[in-house]
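The structure appears below as structure tokens.
Taken together, the values in this text are just the output of simple stated rules run on the coordinates, not laboratory data. Nothing here was measured: the structure is a model prediction, and the numbers come from that model. Here the Cβ positions follow ideal geometry from the backbone for every residue, glycine too, while neighbour counts run over all protein chains shown.
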Amino acid sequence: MTSARAAAAEAWAFRARVEQEAALRFDRLAAVVASFDPASPVPAMMRRAADDERRHTELCARLAGNLGLQVVLDPEATPPSIAPRSLDERQAALYEVVAACCITETESMATLTTLVAAEPDPEVREVLHSISKDEVVHSRMGWAHLSREAAATDVAFLAPLIPGMLAGTIDEGLFAAAPADEDPEGLLRLGVLPLEQKREVFLGTLEQVVFPGLEKFGVDPEPGRRWLARAAGC
Amino acid sequence: MQFKKLFQVLVLGGAMVGAVAATACSQANAQDKAKKPPADAGTTNSAGSGVKGW
């Protein structure tokens with residue numbers, strides 16, 4: 001197996017697990033948000049998103065399998081809340097929605113857009129297209145929820161918590177040197193960003209989409225910006 | 001990568017989704033209140049505030 005093929009198999013297997021967790025998280029959050037904002041469109045969007053994520057899980061697992069890595073998923077998996085325990089239920093829901101949708105799904109959309117433009121293999125392209133159609137909505141539902149909460153309550157408490165959310169979205173190798181045997185073209189064909197592009201997409205999305213978005217809805221982006229400067233060694 | 005376009009589609013698009021639903025809700029509330037018998041006519045201010053808020 002080539003290094004690109006092995007790395008891509010690992011990446012798609014990881015995505016399958018992440019998508020499964022996202023499905024469970026959206027199902028749980030839909031019920032919580034509906035309990036304090038019954039007029040919101042977000043819970044219905046989350047329930048549809050959970051179905052999307054279950055479909056994505058199958059697509060990602062199938063691609064990993066085609067690349068030589070069988071994915072074994074735990075059907076009993078129940079991802080815990082990622083919110084700090086000091087938050088009340090409504091604040092915790094907002095924390096999770098911002099982390100999962102405003103940050104993670106927005107970063108996913110930027111990544112998918114870049115990957116689709118890189119002329120991947122046809123089978124990979126089909127999966128990327130299918131997932132990206134849904135991820136637009138998943139990101140939007142996060143911004144929709146944040147905008148509603150910003151109008152209804154104080155969301156400023158999130159600002160110092162943003163660095164923790166950001167730290168959870170990257171692995172420590174993101175700002176390190178690329179592996180010596182990295183095959184950027186091979187990776188792109190199989191739907192994986194080479195390290196340098198991954199960094200560019202991550203930084204650009206935070207600086208030009210996520211931070212301005214947070215600021216627009218009353219969440220000070222400065223703690224996040226300071227974390228990013230330290231993490232990226234700027 | 002067109003980050004500006006992503007901002008418009010995701011952040012501003014998301015805000016519109018939230019706001020449109022709030023508007024639809026306000027309009028539905030206003031319609032419900034409009035259907036109430038004349039004895040409740042004193043509530044027109046609150047019905048109006050929903051529309052004004054929008």
query = Would a scan of the stretch A:216-233 turn up a residue that is closer than 28 Å to A:A8 by Cα, within 14 Å of chain B (Cβ to nearest Cβ), surrounded by fewer than 17 Cβ atoms within 10 Å (Cβ to Cβ) and not basic (K, R)?
reply = no
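To keep it simple, each residue is scored yes or no on (1) buried (at least 21 other Cβ atoms within 10 Å of the Cβ); (2) out of contact with any Ser or Thr (no Cβ under 9 Å at 6 or more places or on another chain); (3) under 21 Å from A:M109 (Cβ atoms).
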{"site": "A:A6", "(1), (2), (3)": "no, yes, no"}
{"site": "A:A11", "(1), (2), (3)": "no, yes, yes"}
{"site": "A:A16", "(1), (2), (3)": "yes, no, yes"}
{"site": "A:E19", "(1), (2), (3)": "yes, no, yes"}
{"site": "A:A22", "(1), (2), (3)": "yes, no, yes"}
{"site": "A:F26", "(1), (2), (3)": "yes, yes, yes"}
{"site": "A:V32", "(1), (2), (3)": "no, yes, no"}
{"site": "A:S35", "(1), (2), (3)": "no, yes, no"}
{"site": "A:A44", "(1), (2), (3)": "no, yes, yes"}
When (1) more than 14 Å from every other protein chain (Cβ to nearest Cβ); (2) over 16 Å from the mean Cα position of the chain (by Cα); (3) surrounded by fewer than 17 Cβ atoms within 10 Å (Cβ to Cβ) are applied to A:L161, the one that fails is (3)
In the stretch A:102-143, anything more than 8 Å from chain B (Cβ to nearest Cβ), among the small types (G, A, S) and touching a residue at least 60 places away in the same chain (Cβ under 8 Å) is listed as A:A118, A:S130
### Task
Take A:E19 and decide whether it is in contact with an Asp or Glu (Cβ under 6 Å, 6 or more places away or on another chain) and among the charged types (D, E, K, R).
yes
### Query
Does A:D51 satisfy being surrounded by fewer than 17 Cβ atoms within 10 Å (Cβ to Cβ) and more than 24 Å from A:A144 (Cβ to Cβ)?
no
